[in-house]
Protein chains: 2
Amino acid sequence: MPENAKRVFRGVIFDVYQWEQKGYDGNVKIFEKLQRPDTAVIIPVTQNGKIIIAKQEQPGKAPFVGLVGGRVDEGEDVLAAAQRELLEETGYEAKEWELFDAVEPVSKIDWTVHTFVAKGCKKVSEQNLDGAEKIEVLLVDFDTFVEKVLYGDLADIELKIRLLEAKLDPVKMEAFKKQLGV
Amino acid sequence: MPENAKRVFRGVIFDVYQWEQKGYDGNVKIFEKLQRPDTAVIIPVTQNGKIIIAKQEQPGKAPFVGLVGGRVDEGEDVLAAAQRELLEETGYEAKEWELFDAVEPVSKIDWTVHTFVAKGCKKVSEQNLDGAEKIEVLLVDFDTFVEKVLYGDLADIELKIRLLEAKLDPVKMEAFKKQLGV
């Protein structure tokens, strides 16, 4: 966000910022950009090498399959948010955490999606969901996971690119499996 | 956008909508979603089978290479917007237009990116840019285009997926080339 940007609206999720900027023709225009809480996403792998994914329902949306994760709370560390979301949404805790990637999906939104690999996951409690979600935990093996991302119902565009690239290059596929410890 | 959503902020690009929604626990929460103008993106192919891409500069952003395109104006037809943007940004006009795909990149934004293939492109005028952009038109052959999307500086995530899938399946690659008429 530019230094001279001013917050002109504060929403539940999205804050709107505006600032004046001189164009190449010398005219001044109002530019606009959004800010929203970052997202923590997890690829959890159990002690037995299964990958945990989630069949989710949210009010007013069609059910979908995805990775577990959620919004980073204000002042919360991103890794702490990932650990909290994994526990809340699945009841699992992990032995080992590693950052998988961090992307800014939309150029006009100040928003980073941090994806972690969580290894050695073990069930330690029940789910603890808020009223805005219903989540069914699914354990799948690596090949099923790849199928779901590439040709199935697990819609994750960054993961899809990584796995398509891995399909084209055995070295990348091995590296990916190694990252997941499977 | 849900029927009971109310616009709570009107921005230069983004409008913010909010509504009350009952969660699975019976509690009512405020939900939020954005609306912004749709985007028209073009894959223009010249009469000689070259693909037109654009090296762009915008104030306050690093230069980048991408497809030409821009925002659909209020009340403007999407195809008309694509034709206008192609002419403004490159000075080219096309003989034949075809919708390539239409995606909604962000679930919390009411926003569709429409991509068109424009075939038989011919230069008819100079560029006509507003002060918010500098665009250098580049003509590349199909193989260079694929290289740039997959391994180079042309950042377009949807196109990258399409081309990775095409790399894995010669039938898809042939279909893609046929769509572009190259």
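The values are calculated or read from the model by the stated rules, or taken from the named source; none is laboratory data. Everything numeric here is computed off the predicted structure, so don't read it as measured data. Counting neighbours? That spans all protein chains shown, and the Cβs are built from the backbone with ideal geometry, glycine included. Quick note on the areas: whole protein, heavy atoms, side chains included, nothing else; ligands and nucleic acids left out. Shrake-Rupley method; radii C 1.70, N 1.55, O 1.52, S 1.80 Å.
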Q) Within the protein assembly as shown, what percent of beta bridges assigned by DSSP are antiparallel, to the nearest 5? A) 80
Q) Is there a pair in A:LYS177/B:LYS148; A:LYS178/B:LYS172; A:LYS6/B:LYS29; A:LYS178/B:LYS160; B:LYS50/B:LYS160 whose C-alpha atoms are over 22 Å apart, and which pairs would that be? A) A:LYS177/B:LYS148; A:LYS178/B:LYS172; A:LYS6/B:LYS29; A:LYS178/B:LYS160
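Give me the compactness ratio for segment A:81-182, meaning the Cα radius of gyration over 2.2 N^0.38 Å.
1.17
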Q: Using Cα pairs closer than 8 Å and at least 6 residues apart in sequence, work out the relative contact order for chain A, in percent.
A: 22
Q) In Å² (nearest 100), what accessible area is buried between B and A, both sides summed, heavy protein atoms only, 1.4 Å probe? A) 3600
Q | Rounded to 5, percent antiparallel among DSSP beta bridges of segment A:39-180 | A | 75
Q) Given label points at 7 Å from Cα along Cα→Cβ, what nm distances, shortest first, separate A:GLN179 from the same residue in every other copy? A) 2.7
Q: For segment B:86-97, just list the computed ³J(HN,Hα) in residue order, Karplus coefficients 6.51, -1.76 and 1.60, θ = phi - 60°, integers in Hz, with x standing in for Gly and Pro.
A: 4, 5, 5, 7, 10, x, 9, 10, 10, 7, 9, 10
Q. Stokes-Einstein D for the protein assembly as shown at 25 °C, 0.890 mPa s, Kirkwood Rh over Cα pairs, in µm²/s?
A. 108
**Q.** For chain B, accessible area per residue (1.4 Å probe, heavy atoms of protein chains only), Å²
**A.** 51
Q | Net charge of neighbours whose Cβ lies under 10 Å from the Cβ of A:VAL68, counting Lys and Arg as +1 and Asp and Glu as -1 | A | -3
Q: Find the Cα radius of gyration of segment A:139-182, compare it with 2.2 N^0.38 Å by division, and give the number to two decimals.
A: 1.06
Q) What whole number of Å gives the distance from the Cα centroid of segment A:29-86 to the Cα centroid of segment B:5-84? A) 23
Q | At 0.890 mPa s and 25 °C, Stokes diffusion of chain A via Kirkwood alpha-carbon radius, µm² per second | A | 135
Q | Tensor-based shape of segment B:99-139 (alpha-carbon gyration tensor, a/c under 1.5 rounded, otherwise prolate or oblate) | A | oblate
Q. Calculated from DSSP H runs of 4 or more alone, at -39500 (n - 2.57) each and per residue, what is the 222 nm mean residue ellipticity of chain A, nearest 500?
A. -8000 deg cm²/dmol
Q. Quick one: which bits of segment A:135-182 get at least 50 Å² less accessible when the partner protein chains are in, versus the chain alone, with a 1.4 Å probe?
A. A:ILE157, A:ILE161, A:LEU164, A:LEU168
